[in-house]
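See structure below.
The values are calculated or read from the model by the stated rules, or taken from the named source; none is laboratory data. Being a predicted model, the structure only gives us computed values, none of them experimental. No Cβ is skipped: glycine too gets one built from the backbone with ideal geometry, and neighbour counts run over all protein chains shown. Areas reflect the complete protein model, heavy atoms only, side chains present, ligands, DNA and RNA absent. Shrake-Rupley method; radii C 1.70, N 1.55, O 1.52, S 1.80 Å.
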Amino acid sequence: MSYTDIAPTRCWAPSKRQRQATQMMRFARQVGLDNAGYADLHRYSVACLEDFWAEFWDFAQLRASAYNRVLTAPGGKRMMEARFFDGATINFAENMLAGDPDSVAVIETDERGLGNEVTLAELRARVAGAQQALRRLGVEENDRVAGLMPNTLDTLVMVLATASIGAIWSVCAPEFGVSGVLDRFGQIAPKILVAVSRYRYNGRTHELGERIGTVARTLGVEQVLLTNDDDLDAAPAGVSRLGELAAGSAEVPDYPRFDFNHPLCIIYTSGTTGLPKCIVHSTGGTLIEHRKEHMLHCDIGPGDRVLYYTSTAWMMYNWMITTLASGAALVLYDGAAVPKIDAEGNTDTDLLWRLAAATGATHFGTSPQYLKLMMDGGYRPGETHDLSALRMILTSGAPLTANLFDWVYDAVSADLCLASISGGTEILGCFVMGNPAEPVYRGEIQGPGLGMAMAVVDERDIPVFGREGDIVCTEPFPSMPLAFWGENGRQRYLDTYFSDRDDVWTHGDVGEMRPTGGVVITGRSDTMLKPGGVRMGPSEIYRVVEALDGVDDSVVVGYPTGDGNMDLWLFVVPAGGGTLDDALRDTIRQRLRAEASPRHVPKRIFAVTEVPYTFNGKKVEKAVLQLVTGKPVKNSGSLRNPDCLDEYAAIADDTA
C-alpha cells in the first residue's frame with residue numbers, strides 16, 4: 001500500500017497571511033524557527049523543554065516574580081518529582097484581571113438571550129467586593145471554598161476572589177443532586193459554601209433552597225454565602241449575602257503573591273465507578289499551561305470573544321474562563337444547549353448560534369454530541385447567521401467523527417480552524433489540540449501541544465504510528481496535578497498515572513498517530529474492545545453506526561464470554577423515537593462489516609431510549625458494562641441521566 005492510498009483529506013488550511021499573523025508564528029519567530037514547520041517547533045519544545053518554557057514565560061508576560069530555575073526534580077524522577085519555576089510567586093487573579101480597564105471582559109447570556117456587558121474595571125470591582133466578603137467570613141489561605149453555582153458572572157467573581165487570597169476553589173453545577181454534591185465536597189471539608197437560591201435551566205426555574213440546606217448541614221460548613229438577595233428556605237444556621245458583605249469595598253482587589261505551585265482549585269473525575277477523585281491543581285501551572293494553549297494553539301488575544309458551552313462542573317469551565325488572561329472577553333452562557341421553549345417540549349435549537357452571531361464570537365466551543373444534533377437536524381447556521389467573526393470551533397468530550405468535519409465546513413464556514421482537542425481533568429489541559437497555523441485534516445486532531453512529549457506506544461512500550469496504542473507523556477509539564485486531596489493524596493496520584501510505566505505518564509486514552517502528524521483518539525483503555533483478541537476503540541463503531549439514518553445514538557461494550565474472550569453488545573437509540581427492527585439490525589451489521597471489519601460487528605444489538613452520559617457529555621460505557629454483567633454502578637450521581645440505567649439493568653435481567 002502506498003501513501004497515496006491512505007492520504008488524508010485536507011479540510012482547511014490557513015492562507016499565508018492568516019498563518020503569519022498567528023501568535024504561533026510570532027512565537028516561532030521569537031525562538032528562531034519561523035522558517036520551520038510545526039513538527040520542528042514541537043520537537044524543539046520537548047527536546048529543549050526548559051528553554052521552551054522560559055521562552056514562553058517571556059512571550060506571555062506573566063505578572064509574577066522572577067524564578068530561580070524553570071524545572072527541578074530533586075529526587076531524580078524527572079516527571080514524578082518535577083517542579084516548575086521554582087522560586088517564582090504569582091497571583092492568579094492579578095493575571096486574569098490585567099488589561100485595559102475599559103475593555104469588555106464578560107458578556108452575560110442565558111436561555112432568554114443576550115444580557116449585560118461587563119468591563120474589566122467593573123469586574124475588578126466585583127472581585128474586590130467578593131474578596132472583602134470572603135475575608136469577613138474568615139476565609140484564609142488554603143481554606144476550601146465550595147460553590148454550588150451555574151455558569152454566571154457571580155461564579156467567575158467568586159473563582160477570582162477565592163484565588164486572590166490563596167484559598168482553594170471547588171465547584172459543582174447546580175443540577176447535581178445532593179448525593180453527587182456530597183460525594184465531592186464531602187471529601188474536601190470546605191469552610192464555606194457559595195450558592196444561588198435558584199437557577200434557570202431548560203426552560204424552567206429550579207429552587208435550590210432545600211438542597212443547599214441539606215448539603216450545608218451534612219458538610220458542617222461555617223457559612224453559606226448567597227450570591228443573590230433571595231430568601232433561602234430550609235436555611236442552615238449561618239447565611240450571609242454577598243452584596244451586604246461586599247458593600248464599601250475597594251475598586252480593585254489586592255494581589256498577594258503565592259508560590260507558583262500553590263494550590264488553585266480542586267476538580268473531580270466523573271467517578272462513575274466509585275467516589276470521584278479530588279484532583280488538586282496549581283496556580284502557576286494551570287495559568288501558564290492555559291496561556292500556552294490559548295495564545296499559541298487557539299490564537300486568542302485582546303479583542304477576541306470566546307463562547308464555550310460548558311457547565312461549571314466540567315474541566316472545560318476552568319479552561320474557558322482563563323482565556324480572560326489572554327485578553328479575550330468571556331461570553332458566559334447559563335442554560336441548556338437546546339432549551340425547551342414551551343410545555344409541549346419544543347426546543348430552541350438555534351440559540352447558541354444566535355448568541356455567537358450577536359456577540360461576535362471569534363471562538364465557539366461545544367461537544368461533538370451538539371454538532372451531531374445540528375447535523376442530523378439539517379441545520380445550516382452559516383447560512384442563517386452572521387458568523388463572519390468566527391475563526392475557530394473547538395470540540396471536546398468525545399472524538400469528533402469525520403462526518404462532523406464535513407458538516408462544519410459545509411454548513412457553518414469553509415474558512416475556520418476546526419480543532420478537536422483532547423486532554424483531561426487530570427491535567428486540566430490538552431495533550432493534543434488545534435493549531436490555526438497548520439492545515440486541518442478530516443477526522444484528525446491536528447497534533448500534540450507544544451511542550452507535551454506525547455506518544456502512542458504499543459504493548460512493548462515502543463512508539464508506534466498508524467496503529468492504536470496507549471497515549472503516554474514522557475516529559476513533565478506545568479499542569480500536572482499537585483496531588484489528590486486527602487490522606488496519602490500525593491502517593492495515590494502517583495500510583496494512578498505512573499504505576500504502569502515508571503516516571504512516564506500513562507493517560508488512559510487509546511489513540512493513533514497519523515502520517516500528517518495528527519492524532520485520532522479511539523477510546524479509553526479501560527473500555528477498549530478486544531473481540532477475538534483484536535483491540536479496537538468504541539469510537540470506531542460509533543463513527544459508522546451513528547452516521548446511519550435510523551440511529552440517533554449508541555453505546556457499545558465488550559461482554560465477557562467466560563473464556564477470556566468477549567462479545568460486542570451494541571445498544572442503539574433509534575432515530576425519532578422509532579423502533580429497532582431486523583432491517584436496521586442488518587444494516588448496522590452490513591455497514592460495520594464493510595466500513596470497519598468483521599470484528600466490529602456486534603453479537604447482539606438492543607434498542608434503548610437513552611445512552612448514559614456524564615454531566616460533561618461523555619458516554620459512560622463502563623456503567624453499562626457493570627449493569628449488564630450484574631455489578632452495581634457505584635456513583636450514578638455523576639450521570640446527567642441516571643434514570644436510563646434502569647433500562648440496561650432490565651436488559652441484563654432478560655438476558656441472564
Region 157-170: number of residues that are touching a Lys or Arg at 6+ places or on another chain (Cβ under 9 Å) and farther than 16 Å from G138 by Cβ
4
Would region 375-394 turn up any residue that is β-branched (V, I, T), within 23 Å of L529 (Cα to Cα) and buried (at least 22 other Cβ atoms within 10 Å of the Cβ)?
no
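State the number of residues belonging to region 442-464 that are on the phi > 0 side of the Ramachandran plot and assigned to a loop (DSSP other than H, G, I, E, B).
Matching residues across region 442-464 total 3.
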So A246 ticks every box in (1) in contact with a Leu (Cβ under 7 Å, 6 or more places away or on another chain); (2) surrounded by fewer than 24 Cβ atoms within 10 Å (Cβ to Cβ) but one. Which box is left unticked?
(1)
Close pairs (8 angstrom Cβ cut-off, 6 or more residues apart or separate chains): of a type outside the set (A, V, I, L, M, F, W, C) in region 552-575, in a strand (DSSP E or B) and open to solvent by 60 Å² or more (accessible area, probe 1.4 Å) anywhere
Y559/R604; D567/Y559; D567/R604; P574/D552
Would you check if there is a residue in region 9-25 being open to solvent by 30 Å² or more (accessible area, probe 1.4 Å), touching a Lys or Arg at 6+ places or on another chain (Cβ under 7 Å) and under 30 Å from V408 (Cβ atoms)?
yes
Failed condition for Y255, given (1) touching a strand residue (DSSP E or B) at 6+ places or on another chain (Cβ under 7 Å); (2) over 22 Å from P150 (Cα atoms); (3) of a type outside the set (A, V, I, L, M)
(1)
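Taking region 182-212 as the region of interest, how many residues are among the β-branched types (V, I, T) and either at pLDDT below 90 or open to solvent by 40 Å² or more (accessible area, probe 1.4 Å) (or both)?
Qualifying residue count, region 182-212: 1.
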Contact list, first residue from region 196-224 and without any contact (Cβ under 8 Å) to a residue 60 or more places away in the chain, second anywhere and open to solvent by less than 40 Å² (accessible area, probe 1.4 Å) and charged (D, E, K, R), beta-carbon distance below 8 Å, six or more apart or interchain, is V196/D154
Kindly list, by first and then second residue, each pair from a residue in region 407-420 that is under 18 Å from R17 (Cα atoms) to a residue that is open to solvent by 30 Å² or more (accessible area, probe 1.4 Å) and assigned to a loop (DSSP other than H, G, I, E, B), limited to pairs with Cβ atoms under 7 Å and residues at least 6 apart or on different chains.
L416/R391; C417/R391
Selection from region 83-105 of residues open to solvent by 10 Å² or more (accessible area, probe 1.4 Å), part of a strand (DSSP E or B) and over 19 Å from Y493 (Cβ atoms) yields D86, T89, V104
Taking region 465-477 and keeping residues open to solvent by 10 Å² or more (accessible area, probe 1.4 Å) and either of a type in the set (V, I, T) or part of a strand (DSSP E or B) (or both) leaves D470, T474
Taking the conditions exactly as written (open to solvent by 50 Å² or more (accessible area, probe 1.4 Å), hydrophobic (A, V, I, L, M, F, W, C) and modelled with pLDDT of 80 or more), does L625 satisfy them or not?
yes
I want to confirm something. Restricting to region 396-419 and keeping residues that are at pLDDT below 95 and hydroxyl-bearing (S, T, Y), which single residue is least open to solvent (accessible area, probe 1.4 Å)?
S396
Restrict the check to region 599-618 and report whether at least one residue is at pLDDT below 90, assigned to a helix (DSSP H, G or I) and either more than 32 Å from the chain's Cα centre (by Cα) or not hydroxyl-bearing (S, T, Y) (or both).
yes
Have a look at I541, I588 and point out the one that is over 30 Å from the mean Cα position of the chain (by Cα), open to solvent by less than 60 Å² (accessible area, probe 1.4 Å) and either under 17 Å from N403 (Cβ atoms) or at pLDDT 90 or above (or both).
I588
If you take the residues in region 52-82 that are of a type in the set (D, E, K, R) and within 24 Å of P436 (Cβ to Cβ), which one is least open to solvent (accessible area, probe 1.4 Å)?
E55
Among (1) touching a residue at least 24 places away in the same chain (Cβ under 8 Å); (2) not in a loop (DSSP other than H, G, I, E, B), where does Q20 come up short?
(1)
